[in-house]
Amino acid sequence: MSQTARTCPAASDRTLNEAYDTALLDLDGVVYAGGQAIAHAVESLGTAHTGGMRLAYVTNNALRTPDSVAEHLTELGIPTQAQEVITSAQAVARLISEQLPQGARVLVIGGEGLRVALRERGLEPVESADDEPAAVVQGFGGPDLPWGRFAEACYAISRGVPWFASNTDLTIPGARGIAPGNGAAVEVVRIATGAEPQVAGKPLPPMHRETILRTGAERPLVVGDRLDTDIEGAFNGEVDSLLVLTGVTDGAQLLAAPPQHRPTYVDADLRGLLTGQPEVVGAGGGFRCGGYTATAGAGELELEGAGEPMDGLRALCAAAWTTAGDGTCELDGSKALARLGL
């Protein structure tokens, strides 16, 4: 996928698990939410893998280790090895190791995933700003992370210690809804110190580099639920992407997406890996997909026809993205989305 303004979702006459050799799957909001498997995820991934597609799990969540993530996925019915899990903790640990000598102390503000990743790179995790750390690293620490940990980060950063962050996702999906993510915690430290961290996670290049180094993927397909991390990361890496609507992104956000947030493909859930993708074609000043035709009207997006809701959404994307060009579509799509139940 080239870095040009996509004007409509792409078509594929092959199933996606045949067209791509490796699925680079986000976890939260794609495979599970709140620890429970999302509907259709287990069986879809099993079928895709049986059909020859390699599966790799790429997460900005730095809390858990690859071993614990693999164990959890296996318990859900998705047999997984630790080496098939790539985390932002691993990406940020590599980034730090390239700037600090072996054995350097790093103040950890986060969970065990960060500590394991740092040790893998020959760095020593420490817990206090008074331990003379050479760097501070911040990653998602879960709901029980004490407020005092942010103070430790601020003490070290105010002394001139470089600051790294695994990722800056403001939110994280859970079983009860959307909760604050590591990006919200990073903002606390940013406000208190005025400093700016070096960030490794999606959508930035260190995470894409870590993923390719660890998977060796040649024809990867990024699969995610977030426009500003998963899809933008695929755009920056110039690889194709599939957005699934099982996490934080809704139809309105998708229609308003600027070029770097427009996925190659759109589907309801991971069953989209097992199907082809229908073509969106120009039709009478609008765009047709399946039984739906979408047009850009006076101040709003209009939708006619009937059929599969995803076809209607794909047609709406074409109308919205074509109208927006290199910008953001400002036409109201609420009525059209309501017709689709989205």
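Throughout, read-outs are computed from the coordinates displayed, never taken from laboratory work. The structure displayed is predicted, hence computed values, not measured ones. A quick note on method: Cβ atoms are made from the backbone with ideal geometry, for glycine too, and the neighbour counts reach across all protein chains shown.
Using C-alpha pairs under 8 Å with a sequence gap of at least 6, the mean separation divided by the residue count of the range 89-196 gives a relative contact order of 24 percent.
Temperature 10 °C, viscosity 1.306 mPa s: under these conditions the Stokes-Einstein estimate for the chain, based on its Kirkwood radius over C-alpha pairs, is 77 µm² per second.
Take the Cα pairs of the range 169-245, get the Kirkwood Rh, then feed it into Stokes-Einstein at 37 °C and 0.692 mPa s and tell me D in µm²/s. D, rounded to a whole number, is 237 µm²/s.
For the range 318-328, 3J(HN,Hα) computed residue by residue from phi via the Karplus equation (6.51, -1.76, 1.60; θ = phi - 60°) reads 4, 5, 5, 5, 5, 4, 6, x, 8, x, 10 Hz, glycine and proline entered as x. Which angle from 0 to 90°, rounded to the nearest 10, does the C-alpha axis of helix 148-158 make with the longest principal axis of the chain? Between the helix axis and the principal axis of the chain, the angle is about 80 degrees. Near residue 123, the amide H atoms lying under 5 Å from its own belong to 103; only residues 5 or more places off or on other chains count, and H is placed 1.01 Å from N. Across q = 0.13 Å⁻¹, the range 62-153 modelled as identical point scatterers on its alpha-carbon atoms has Debye log10 I(q)/I(0) values of -0.44, in the order of the q list.
For residue 308, the residues whose amide H sits under 5 Å from its own are 291, ignoring neighbours fewer than 5 places away on the same chain, with H placed 1.01 Å from N.
How tilted is helix 182-193 with respect to the longest principal axis of the chain? Cα atoms for both, answer in degrees (0 to 90, nearest 10). Helix 182-193 sits roughly 50 degrees off the main axis of the chain. Amide hydrogen proximity for residue 25: with H placed 1.01 Å from N in the peptide plane, the residues at 5 or more positions away or on another chain lying under 5 Å are 56, 57, 58, 223. The angle separating the long axis of helix 66-76 from the principal Cα axis of greatest extent in the chain is about 40 degrees.
All alpha carbon pair distances within the range 214-342 were sorted into 10 Å bins beginning at 0; the resulting P(r) in whole percents reads 13, 45, 33, 7, 1.
Looking at the range 101-217, the pairs of alpha carbons with a distance over 25 Å make up 21% of the total. Once the chain from residue 300 to residue 238 is taken as fully extended at 0.36 nm per residue, the excess over their C-alpha distance is 19.2 nm. Spacing of the modelled spin labels on residue 99 and residue 128, each 7 Å from Cα toward Cβ, amounts to 2.6 nm. Per-residue ellipticity at 222 nm computed for the chain from its helices equals -9500 deg cm²/dmol, with DSSP H segments shorter than 4 residues left out and the rest contributing -39,500 (n - 2.57). Grab every C-alpha pair in the range 8-100, bin the distances at 5 angstrom width from 0 up to the longest one, and report whole percents. Taking all Cα pairs of the range 8-100, the binned fractions are 3, 13, 21, 23, 17, 11, 8, 4, 1, 0 percent. Were the residues from residue 191 through residue 67 laid out at 0.36 nm apart, the gain over their Cα-Cα distance would be 41.2 nm. Here the simple spin-label model places points 7 Å from the Cα toward Cβ, and for residue 120 and residue 75 these points are separated by 2.0 nm.
Distance from the Cα centroid of the range 68-134 to that of the range 246-292 is 36 Å (rounded to whole angstrom).
Placing a pseudo-label 7 Å from each Cα along the Cα-to-Cβ vector at residue 151 and residue 213 gives an inter-label distance of 3.6 nm.
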